[in-house]
Amino acid sequence: MTALTTTPKARTKKNAGVVRRRATLRMFTYLGLGVVGILWILPLIWMVLGSLKTQAEILAKPPTWWPREFTLENFVKWFQELNFGQFFTNSVVVAILTVLGNIVFCSMLGYALAKMEFRGKKILFGAVMVTLMVPSVALFVPMFVIVSKIGLVNTYGALILPFLTQPIGVFLMRQFIMGIPDEIIEAARIDGAGEFRIFSRVVMPLCGAPVATLSIITFLFSWNNFLWPLVAAQSQDMYTLPVALSLYSTGQNSTDYGVLLAGSVLVIAPIVILFLLLQRYFIQGVATTGLK
Amino acid sequence: MTTTVSESAGAIARSGRPGRPDMRKRKSARTGRQGLIAWLFALPFVLVFLVFMAIPLLASFAMSFTDFTARDVQSPLDVSVVGFDQYVALFSDTRFLKSLGVTGTFVLFGIPITIAIALLLAVALNNGIRHLKAFYRALFYVPVVTSIVAVSVVWRYLLQNDGLVNSTLAWFGIQGPNWLHDTQWALPALIVMATWRNVGTLMVIFIAGLQSVPEELYEAGELDGAGTFRKFWSITLPLLRPTLLLGAVLISVGYLQFFEESFVMTQGGPLDSTLSTAYYIYEKFGFGNYGLASAASYVLFVVIAIASLFQFRALRSKD
């Protein structure tokens, strides 16, 4: 139902002009959206095309639109000389472990906050709120000192542990679990099931939808996370993809655009493919949590 | 919504079997045991919260009153307390003040532009067309999922002196500036890129807001002879105000922290014209001056915390 559908009452002869005007307006909207849409996606198309050009062609003035000669040399360079496999593995391992941790830990806390009565619940909830409000930029200096002190610098631990219970995930799970009828849980309690059993056998199997949203939000966050990995990963074998790309792009190869664009494609493509496949969950994640 | 439903359901269940004393007693015993189990459920969060949130937050505060440097990492307690010296140094550093100005400009221009475009797209998608809605929504949302680092590389390439943007402008006979090497144009270029990347988020939130505007209001407006623009101005905008506020606060928190764009595209230059506060903090950290970096991050933290409080308010009033 759009605002432009006319009600039967309004559909009189007098309104024929209005209807025609609306059709024109709608046509212009399609046209405008088409133009803006092309502009919108242009940077990403330009990235893909550039990544397939030879070094000589990329320097050509004026720039060529369609590659005269397609080449994969820029991608080959990432795989053969630039350790792409290592960076990709790091990004994937960190993202997947972060997601798994969040699924389990956010659900656990969400369940406790939603369905259990205990002392200190308000304080705990306050702690989650604080976590939501404190930006990483305010924390990375002391975090680095702490992580150095416990000997975690330059390990997967440093890249994963700080992000294992994202507050957004806690809210998401709590909100959903609150909607599960108390009767189901009470019935399980009367049957003598312990809380862990209720959580894992009764509650979690109902949580498919929020877990999907949570997984996607967390994966996206981890894949694109930058400031902390930049600080915590100190050698090539720990770099995640954005860190590797940023350092390559600001070092002595900063004008090596063929390789840089190929690197950008390699960082962006997996997440865009994931987005196109699971669009619904991405957009639901934004709309329901109202948070990035 | 779900909250109130489950709470009232609970209330009914409770009032259904009133005041049986043994029941109440058993319940309080259970609450005690449940308390222990509940904290077990919360344990992973509590640990992460203590080690990576509470302690750093306090440590950062403490560090901002010391002369902590990179050399003190192994023996953090040997540093000397310098009182407010770091804050004095900070606010007498013209580069820090400049960075506050740059961040402020980024936020003050970035937010209205992002909101305006997102709102325009949301209205066009929700009310202006009948087909291809999902297609356009996905199209405008794609930049949101991309890595800022990667798109910064791409935009740096687009904005080169002889890049796509200037070549296109040259077509129309316009001599474009050397965007990222021009003190006047570098920050606007970064704002445009941030807008491009963030519009999708707000667009989705605004579409959700638009869909909650009751259809009857538009019909009533039509009967009163209101045109498309009048309906937008007098019905849509007022009803959408809480959603717009939420959106504004939401992205302001992100914009206040902008860092990657400067790091990849300009390294804070030219002549500090894109030096964000986050970049300034990172730079001081890189120089090993942890005390000063902590003081600067506390200043930024307070600003962001205030914005977040507004966010919390906005979220609440939306519920």
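Brief remarks follow.
Quick grid of which residues meet (1) under 30 Å from A:L220 (Cα atoms); (2) within 9 Å of chain A (Cβ to nearest Cβ); (3) in a helix (DSSP H, G or I):
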| position | (1), (2), (3) |
| --- | --- |
| B:T201 | yes, yes, yes |
| B:Y218 | no, yes, yes |
| B:G225 | no, no, no |
| B:R230 | no, no, yes |
| B:L244 | yes, no, yes |
| B:A248 | yes, no, yes |
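- Selection within the range A:176-200 - open to solvent by 30 Å² or more (accessible area, probe 1.4 Å), of a type outside the set (D, E) and part of a helix (DSSP H, G or I): A:F176, A:I184, A:A187, A:R189, A:I190, A:F196, A:R197, A:S200
- Selected residue (only one of A:A244, A:A158 is open to solvent by less than 50 Å² (accessible area, probe 1.4 Å) and farther than 22 Å from A:T131 by Cα): A:A244
- Odd one out for A:I45, checked against (1) assigned to a helix (DSSP H, G or I); (2) more than 30 Å from B:I117 (Cα to Cα): (2)
- Taken together, the residues in the range B:137-157 that are without any contact (Cβ under 8 Å) to a residue 40 or more places away in the chain and either open to solvent by 20 Å² or more (accessible area, probe 1.4 Å) or more than 9 Å from chain A (Cβ to nearest Cβ) (or both) amount to 1.
- Looking across the range B:158-176 at every residue that is facing chain A (nearest Cβ under 7 Å) and in a helix (DSSP H, G or I), the one that is farthest from A:Q284 (Cα to Cα) is identified as B:S167.
- Whichever residue in the range A:213-238 is under 22 Å from B:K284 (Cα atoms) and touching a helix residue (DSSP H, G or I) at 6+ places or on another chain (Cβ under 7 Å) and, among such residues, is farthest from the other protein chains (Cβ to nearest Cβ): A:A233
- The residue that is surrounded by the fewest Cβ atoms within 10 Å (Cβ to Cβ), among those in the range B:184-199 that are of a type in the set (S, T, N, Q) and part of a helix (DSSP H, G or I), is B:T195.
- Some residue of the range A:201-217 being under 20 Å from A:V104 (Cβ atoms), buried (at least 16 other Cβ atoms within 10 Å of the Cβ) and free of Cβ contacts under 8 Å to residues at least 60 places away in the same chain: yes
- Within the range A:97-147, being free of Cβ contacts under 8 Å to residues at least 24 places away in the same chain, surrounded by fewer than 18 Cβ atoms within 10 Å (Cβ to Cβ) and farther than 30 Å from B:S75 by Cβ holds for A:L100, A:V104, A:E117, A:R119, A:G120, A:K121, A:K122, A:I123, A:F125, A:G126.
- Residue list for the range B:269-296, restricted to those being under 20 Å from A:F226 (Cβ atoms), within 11 Å of chain A (Cβ to nearest Cβ) and small (G, A, S): B:S276, B:A278, B:G286, B:A293, B:A296
- The set of residues from the range A:247-267 being among the hydrophobic types (A, V, I, L, M, F, W, C) and surrounded by fewer than 20 Cβ atoms within 10 Å (Cβ to Cβ) comprises just one member, A:L247.
- Enumeration of residues in the range B:57-102 that are assigned to a loop (DSSP other than H, G, I, E, B), of a type in the set (S, T, N, Q) and more than 20 Å from A:V137 (Cβ to Cβ): B:Q74, B:S75, B:S80, B:S92
- Of all residues in the range B:60-78, those being of a type in the set (G, A, S), open to solvent by less than 30 Å² (accessible area, probe 1.4 Å) and over 24 Å from the mean Cα position of the chain (by Cα) number 1.
- Total residues in the range B:260-277, condition under 21 Å from A:T255 (Cα atoms) and either assigned to a helix (DSSP H, G or I) or open to solvent by less than 20 Å² (accessible area, probe 1.4 Å) (or both): 10
- Options B:L300, B:L292; residue that is under 15 Å from the mean Cα position of the chain (by Cα) and not in a loop (DSSP other than H, G, I, E, B): B:L300
- Filtered residues of the range B:109-131 (kept if more than 8 Å from every other protein chain (Cβ to nearest Cβ), over 21 Å from the mean Cα position of the chain (by Cα) and without any contact (Cβ under 8 Å) to a residue 12 or more places away in the chain): B:H131
- Qualifying residue in the range A:79-96 (condition: open to solvent by less than 30 Å² (accessible area, probe 1.4 Å) and of a type in the set (A, V, I, L, M)): yes
- So A:L277, is it in the same structural domain as A:N83 (by TED's automatic domain parsing) and open to solvent by 10 Å² or more (accessible area, probe 1.4 Å): yes
- Filtered residues of the range A:128-156 (kept if within 7 Å of another protein chain (Cβ to nearest Cβ) and part of a loop (DSSP other than H, G, I, E, B)): A:V134, A:P135, A:L139
- Scanning the range B:87-106 for residues that are in contact (Cβ under 8 Å) with a residue 24 or more places away in the chain and open to solvent by 20 Å² or more (accessible area, probe 1.4 Å), we see that the one that is farthest from the chain's Cα centre (by Cα) is B:A89.
- With respect to the stated conditions, B:V204 fails to be under 20 Å from the mean Cα position of the chain (by Cα), closer than 18 Å to A:P135 by Cα and either without any contact (Cβ under 8 Å) to a residue 60 or more places away in the chain or surrounded by 23 or more Cβ atoms within 10 Å (Cβ to Cβ) (or both).
- Some residue of the range A:62-74 being touching a helix residue (DSSP H, G or I) at 6+ places or on another chain (Cβ under 9 Å) and outside any loop (DSSP other than H, G, I, E, B): yes
- Residue ID - surrounded by the most Cβ atoms within 10 Å (Cβ to Cβ), chosen from residues in the range A:219-241 that are under 13 Å from A:V267 (Cα atoms) and polar (S, T, N, Q): A:T240
The values are calculated or read from the model by the stated rules, or taken from the named source; none is laboratory data. Bear in mind that the values here come from a model prediction, so they are computed numbers and not experimental data. For neighbour counting, all protein chains shown are included, and Cβ atoms are generated from backbone atoms with ideal geometry for every residue, glycine included. Heads up: the accessible areas ignore ligands, DNA and RNA and are worked out on the full protein's heavy atoms, side chains in. Shrake-Rupley method; radii C 1.70, N 1.55, O 1.52, S 1.80 Å.
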